[in-house]
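Enquirer: What follows is a single structure, and I will ask about it in a moment.
All of the numbers you see were taken from the coordinates with simple rules; none came from a lab. On a predicted model such as this, the values are computed, not experimentally measured, just so you know. Reconstructed Cβ throughout: ideal geometry from the backbone, glycine too, with neighbour counts over all protein chains shown.
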Amino acid sequence: MKTKIAVSVLSADFAKLGEEVALLNEADIIHLDIMDGHYVPNLSYGYPLVRCFRKLTDKPLDAHLMVTNPDEFIDELAEIGVQYISFHQETVYHSHRLVQKIKSHGIKAGIALNPATPVSTLEDILPDLDFVLVMSVNPGYSAQKFIPSAIAKIKALSKIRKERNLNFEIEIDGGVTDQNAATLREAGASMLVSASYIFSSDNYTDSIKKLRGI
């Protein structure tokens, strides 16, 4: 699979958001970290800002729901026009039902795995997923240190995908830089999410190309 670069705008300068988004031409996807201050110890942004991003770019929007009630977000995000939605299975009783609700809107559905959550918890639902989001940091804040055990999870998911002839994508989020991007791609990740690495650089385009291996 071609490597897709999803830029997490959590680290963008919100005082000049239009300018920031305009500099992300090399990116494939805009990644939105939606936090509620309950499931994770931080608040990010809600529907008004998601609508703003939808107006600022034609790129696919990837909504990562770090919230205790993801089911209540789906209809509104679908109306706004996001293309990817992932949620944490710890927040719902019936993951399969929520996955089907997301897909009923024509949106790609994914489940996020926290660093302490094993791949085995997804065994029965993998055939229904469009992607798995492997968290390589504990969710809630940008600019955290990469947790190396995430690489083993990517390899395990890649192996399962091949053995069971599945076609879900593997997304990795947290501490992704040009120093580990090649290792992540080789392990089987096809979607790399990066935030502080890109927005702290002098040239967003060059930084994204480095993640892609160009």
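Enquirer: Which of the residue pairs 101/159; 4/210; 59/108; 2/155; 155/210 have a Cα-Cα distance greater than 19 Å in the structure shown?
Expert: Too far apart for the 19 Å limit: 101/159; 155/210.
Enquirer: Given only helices, namely DSSP H runs of n ≥ 4 each adding -39500 (n - 2.57), what is the per-residue ellipticity at 222 nm of the chain, to the nearest 500 deg cm²/dmol?
Expert: When only DSSP H runs of four or more count, the value is -9000 deg cm²/dmol.
Enquirer: Now for a separate question. Residue 16: which aspartates and glutamates have alpha carbons under 17 Å from its alpha carbon, excluding same-chain residues fewer than 8 sequence positions away?
Expert: By straight Cα distance, residue 16 reaches 202.
Enquirer: Continuing with this model, one more query. How big is the dipole moment of the chain about its Cα centre under a simple scheme where the beta carbon of each Lys and Arg is +1, that of each Asp and Glu is -1, and everything else is neutral? Debye, nearest 20, please.
Expert: 600 debye
Enquirer: With a cut-off of at most 15 other beta carbons within 10 Å, and DSSP calling the residue loop, which GluC sites (Glu not before Pro) in region 109-214 qualify? Please list them.
Expert: Loop-located and lightly packed - 123.
Enquirer: Using only the alpha-carbon atoms of the chain as identical scatterers, what base-10 log of I(q)/I(0) does the Debye formula give at q = 0.08, 0.17 Å⁻¹?
Expert: At q = 0.08, 0.17 Å⁻¹ the computed log10 ratios are -0.24, -1.22.
Enquirer: Still on this structure: Would you please name the chymotrypsin sites (Phe, Trp or Tyr not before Pro) within region 1-55 that are DSSP coil residues with at most 16 other C-beta atoms within 10 Å of their C-beta?
Expert: Qualifying residues, ordered by number: 45.
Enquirer: Taking the simple approach of a point 7 Å from Cα along Cα-to-Cβ for both residue 58 and residue 214, what is their distance in nm?
Expert: According to this spin-label approximation, the distance is 1.8 nm.
Enquirer: For region 99-214, what's the relative contact order in percent, using C-alpha pairs closer than 8 Å and at least 6 residues apart?
Expert: Here the relative contact order equals 22 percent.
Enquirer: Rounded to two decimals, what is the ratio between the C-alpha radius of gyration of region 55-162 and 2.2 N^0.38 Å?
Expert: 1.07
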